[in-house]
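To start, the structure under review is shown below, and the notes come after it.
What follows draws every value from the coordinates through simple rules; no lab data is involved. As the structure is a prediction and not an experimental result, all values here were calculated from the model. Neighbour counts run over all protein chains shown; Cβ positions are idealised from the backbone, glycine included.
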Amino acid sequence: MSNRLPQALANLDAWLQTMRQPGGYGGPVAHWWRDQFVYTGPGLDWRYEGILIGYSELWDKTHEVQWLARLKQAAEDLKSGQLSDGSYRMSRFEQNPGTLGTPHEAAASLGLLTAMERTGDLTLLATARANLDNLIHRLWDPTTHGFTDKPGVPGRVPNKLATFSQALCLLAHLTQDDQYLEYAKIAIDDVLRFQIDRGRFQGAVHQYAPDNQHGDHRLFPYYNARCINPLLTAAKVFSDPTYSQAAARIMDFLRQTMADDGSWPQIVYTSGRRVDYPRWLAGTADILYAFHRIGEPLPARALDRLLASQLPSGAFPTAIGFGRKTHRHAPLDPPDYRDLIPVVGWNDKVLRLLAARLPPATTLPPPNIQPYSRPARITAKDTVFTETIQMFQYGSDYTVSKSAPWAKGEILWG
Amino acid sequence: MQVSVIPASHPWPQMSRGAMEESWHRILDFVFADAMDHALQSLTIYWPRTELDIEGIALRSAFLPSTHSGATGALWIGNTLSDTLSGFSRIYWLHQKQAPRGFITTLTSVKEYAIWTHTSRWWGLGVRLADLIHATSLRDRCMSRSQAHFVATHASSAQFYLHIYNVQEVSHVQPLAASPR
């Protein structure tokens, strides 16, 4: 693993640089909730969490100036993409173009604050603070004394609140302003409120509480994993083991739901039903990062599965089995078009994980990336997926220039 | 590409929530992608003063390179076309008629999108029914199918239709009278 990891990281970094365009990192998005294959311009969303934290790690460990340059460049994307109210332009990931993306803006600001600690650039602190202040202003619900997911809608999304809490904890530390800690505690306490306290799925956290009273009985291993690091931060900041115990119980759920091949199902319902597909590839990095942060060995099968999936371009594909989202018995081979597409907002998670696992003072080898083609399927139609340094292409139907904010050709449905 | 919004006065449904909002976002994406693909120098949006997300237009205008192609486009939102569209080289017509008639037979390079198809709406009914009986996994299955059928690029019954016309060879656009669905 130690030999594989630096090369994987070097190739991933090289791929990420192919995804830059004026304004930031762009490209299509495949996701469980929705896809965005038409707008392919920059997204100032959670992709900046992994990018900024990943490059911060690389800078810390190597002190090679290229990582500091990457860090400054990415931080500048957020700074120059901030709107007058403090929100970030194009912050809704799969729902871009849009603003006030959750947890995207908080995640990006968390990355920005991490970068600020390395660069010493106080303008980054001001940018992140304006952003988080705006989120507090827009999402605070005085009636229920908590943060909603959308202005005017009472529901809570615990994993998003976890990310928000972590960003607020870091902001409080950097500004020495304790009012942010009050908000951070309220946000993270909503994670505890929707954690299952008994039974078969003890420890898992509901995805959503539409009425702010009851969980929706959907348990996503991926989103549960994203709660771990913020809970550990809360345990430290508030000197309260309740939060680390909650994190440990989520880990039980993650161990329980891991499949033999080192993947996780998309959704487990409290009824026992499951949605097995799509199973994340690049996104698995966030689950493995939870193991890393809590100090447990990474499941070897899961890490092997992730590293083995790396494409010749240096990127990691999104998933396996998107076709089964609508047709339970859809073939896995050739892959669905959404499976193969590498997405910056998933690959940033791999960058953060691999950078965290890189031994200190490791110089990365030169990247070795190449164009490639793979068979793929768009609904029932066979096609060929091609990626080069400049573009993604599905047969003659659809092309995305990596430097262009809009795709060309017929859209991938119908 | 320069983008401008001109208020118009004809009626149009609100598209600010749920599937209507999703329809509006998809429509704007198709229009902007096509306009960029055809290197339009300008895009004029005739906006019927209803609740449409104007911020979505501003955001989509943020990363557009300037071009000097001379080609101009217009997005017309309404069930009856206006002759104010004369002179545009590319017309995007968002309407609610499945089979508009009239001048389109003289135009070329047509693309069609059916948005929020009736198939999608049926699955959306399933989502509501599943909500009523608190069947969460059934709800997710219906939602996935509703999303998968949200847009069609072939003839399909839908809430909205986006027709894209290349009118470079046409000197004058005739007004189209409203026709029964």
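With both partners inside the protein assembly as shown, how many of the DSSP beta bridges are antiparallel, as a percent to the nearest 5? Of all bridge pairs located within the protein assembly as shown, approximately 75 percent are antiparallel. Using alpha carbons only, how many angstrom separate the centre of segment A:316-395 from the centre of segment B:127-145? Computed from Cα coordinates, the inter-centre distance equals 30 Å. Ordering A:68, A:16 from the fewest to the most neighbouring beta carbons within 10 Å gives A:68, A:16.
Of A:72/A:160; A:325/A:381; A:160/A:349; A:72/A:349; A:160/A:236; A:349/A:381, which pairs sit farther than 22 Å apart, going by alpha carbon to alpha carbon? Among A:72/A:160; A:325/A:381; A:160/A:349; A:72/A:349; A:160/A:236; A:349/A:381, the Cα-Cα distance tops 22 Å for A:72/A:160; A:349/A:381. Not counting the cut sites, what is the longest span of chain B without GluC sites (Glu not before Pro) that DSSP labels loop and that have at most 16 other Cβ atoms within 10 Å? Result, exposed sites excluded: B:52-168.
Below 13 angstrom from the Cβ of residue B:139, what's the summed charge of the other residues (Lys, Arg +1; Asp, Glu -1)? Could the numbers behind the result be given before it?
Values: positive: A:218, A:273, B:128, B:141, B:145; negative: A:216, B:131, B:140.
Around residue B:139, the charge tally is +2.
Less than 5 angstrom separates the built amide H of residue B:43 from those of B:2, B:3, B:4, B:73, all sequence-distant by 5 or more or on a different chain.
Of A:79, A:381, B:111, A:160, the sequence from fewest to most neighbouring Cβ atoms within 10 angstrom is A:381, B:111, A:79, A:160. Distance between the C-alpha centres of segment A:91-133 and segment A:248-290: 28 Å, rounded to the whole angstrom. Annotation for segment A:1-85: GluC sites (Glu not before Pro) lying in DSSP loop with at most 16 further Cβ atoms inside 10 Å of their Cβ are A:64. Axis of helix B:136-148 versus longest Cα principal axis of chain B: the two differ by about 20°, to the nearest ten degrees. Listing A:182, A:94 from the residue with the fewest other Cβ atoms within 10 Å to the one with the most, what is the order? Ordered by Cβ neighbours within 10 Å, fewest first: A:182, A:94.
Here the Gaussian network model covers chain A, with springs between Cα atoms less than 10 Å apart; of A:108, A:300, A:30, A:300 fluctuates the most. The tail of the calculated P(r) for segment A:4-372 beyond 27 Å holds 44 percent of all Cα-Cα pairs.
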